[in-house]
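Have a look at the structure below, then the notes.
The values are calculated or read from the model by the stated rules, or taken from the named source; none is laboratory data. Since we're looking at a predicted model, the values are computed, not measured. Here the Cβ positions follow ideal geometry from the backbone for every residue, glycine too, while neighbour counts run over all protein chains shown. Just the protein is used for accessible areas: all its heavy atoms, side chains included, with ligands, DNA and RNA removed. Shrake-Rupley method; radii C 1.70, N 1.55, O 1.52, S 1.80 Å.
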Amino acid sequence: MPLDTAPLAVVVDKDPGVLADLTQLFRTLGLETHHQPADLRACLTRLRPRLVILDLEIDGVEGIDTLRYLADVGYRGSVMLLSAVDPKIMRIAERMGHTLGLTMLDSLSKPYELNALHDSLDGLRMPSQSEAAGKHGQEWGREEIVRALKEQELVVHYQPQFDLTSQTLSGVEALVRWQHPECGLIWPSHFLKLMTQEQTRLMTRQIVAQVARDSQLWRVSDQQLSVSINISPNELLHDELVPLMDELQQSLGCRLSLVLEITENDAMHDELLSSEVAARLHLLGMELSVDDFGIGFSSLARLQLLPISEVKIDRNFVRHLHDNSEDAAIVEAVALLGQRLGIRVVAEGVETLENLAQLARFGCTHAQGYALARPMPVEGLLALIASLGSCQPAASDPATPQTYQFWMPRNAKPASSAP
């Protein structure tokens, strides 16, 4: 397979063990692996890789500067940080990559476990060799976005959320995917940045309509689930949002437990206007959730001014709960804050069942993540609801690890779930 036409993963790392693990893993994904720690810049121009895995500490290659270079040359593939640097430095680099417009996968600290490496790469959508060749290495363009919206190729997958006290399925987060006619299922990080504000609002309208239809299906099973929908700051402040959400509730003929998620910094962007919109939504029976809580620099006093019903602890803190005392302290502090304010505290990115007992002890009320259930189309969600209907919790104490045996079947992916 010629290197200039194959989907490539370029690994900027000199550790032989890392190179061996990645080469074997990428082979199962149909990827060629190219190790080029010294001349990455020339490699990017010549090989157009689909993925760059970057160690932040390599002789002659300064990781932060490399991220800036990737952004400067308009690199459109994905980037994953795999390094033994201080977790704080890793987070700074990851946030900087996001700010620069790079598609950043979940970072991973060394030493790592292979299953953690698999999870970090799970959201990576790699075209097949024939797809890459047909595209000539180019990303899909804005004209395809127009077609996708017109043909309603954007679909909704649902990430289940569980109540840590009752050990029951309590809600779902609606996540958009692009069912591309040639490339298959595409993650939002690859296409949201191509959308105009008008297209984003149209997408939200389509998602809301899909959620309205799907919610009728699980209501047949007498299942009452809250539904979280992510919205951008532009949508939050747009005149259409409140009427749109009211229209959704009216179309159902009943009140759907709807939660609108905004990021922490977005929530504080325009304090007065955000508060007004949030108040109107609250009066319509909807709730507001602050996503990625803990990674912003907003004032807690400002947060108190919004009618917030929920905060979601950023997954970067939850992932390292066991091996990083600072992360554990932050999670515990946010959980305590939630208790004092009387709001739900959701732990995102739960990747091991062992974390659940500690999250419950800290006072987190809800959890979601791959260890519990992966995002899935509505058919998979209905199958999950049916399978849980015959299960009963093993005990009532959420702080006891063995009680989570109730959730063990959820480790398996539904047959129709996303890759």
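Of note:
- Subset of region 339-386 that is in contact with a strand residue (DSSP E or B) (Cβ under 9 Å, 6 or more places away or on another chain) and among the polar types (S, T, N, Q) - its residue that is farthest from Ser221 (Cα to Cα): Gln339
- Candidates in region 351-374 are the residues that are of a type in the set (Ser, Thr, Tyr) and closer than 25 Å to Ser109 by Cα; of these, the one that is surrounded by the most Cβ atoms within 10 Å (Cβ to Cβ) is Tyr370.
- Pair list, Cβ under 7 Å, 6 or more apart: region 190-214 residue closer than 14 Å to Ser251 by Cα and open to solvent by 30 Å² or more (accessible area, probe 1.4 Å), other residue part of a helix (DSSP H, G or I) and at pLDDT below 90: Arg205/Leu244
- Whichever residue in region 375-404 is in a loop (DSSP other than H, G, I, E, B) and modelled with pLDDT of 90 or more and, among such residues, is surrounded by the fewest Cβ atoms within 10 Å (Cβ to Cβ): Pro377
- Meets criteria (among the β-branched types (Val, Ile, Thr), open to solvent by 60 Å² or more (accessible area, probe 1.4 Å) and modelled with pLDDT under 85) for Val220: yes
- Taken as a whole, the condition of being modelled with pLDDT of 85 or more, of a type in the set (A, V, I, L, M), within 23 Å of Leu194 (Cβ to Cβ) and crowded, with 18+ Cβ neighbours inside 10 Å applies to Leu70.
- In region 226-252, the qualifying residues are those that are modelled with pLDDT of 80 or more and open to solvent by 10 Å² or more (accessible area, probe 1.4 Å), and the one that is farthest from the chain's Cα centre (by Cα) is Pro243.
- Evaluation of Asp59 against (1) under 21 Å from Glu348 (Cβ atoms); (2) modelled with pLDDT under 85 (one fails), failing number: (1)
- As for region 117-135, it holds at least one residue that is buried (at least 17 other Cβ atoms within 10 Å of the Cβ), at pLDDT below 85 and among the basic types (Lys, Arg).
- Some residue of region 96-113 being assigned to a helix (DSSP H, G or I), hydrophobic (A, V, I, L, M, F, W, C) and modelled with pLDDT under 85: no
- If the condition is being surrounded by fewer than 16 Cβ atoms within 10 Å (Cβ to Cβ) and modelled with pLDDT under 90, then region 169-183 contributes Pro181, Glu182.
- Verdict on Val346 being within 18 Å of Arg315 (Cβ to Cβ), among the β-branched types (Val, Ile, Thr) and without any contact (Cβ under 8 Å) to a residue 60 or more places away in the chain: no
- Arg91 vs. criteria at pLDDT below 80 and surrounded by 14 or more Cβ atoms within 10 Å (Cβ to Cβ): no
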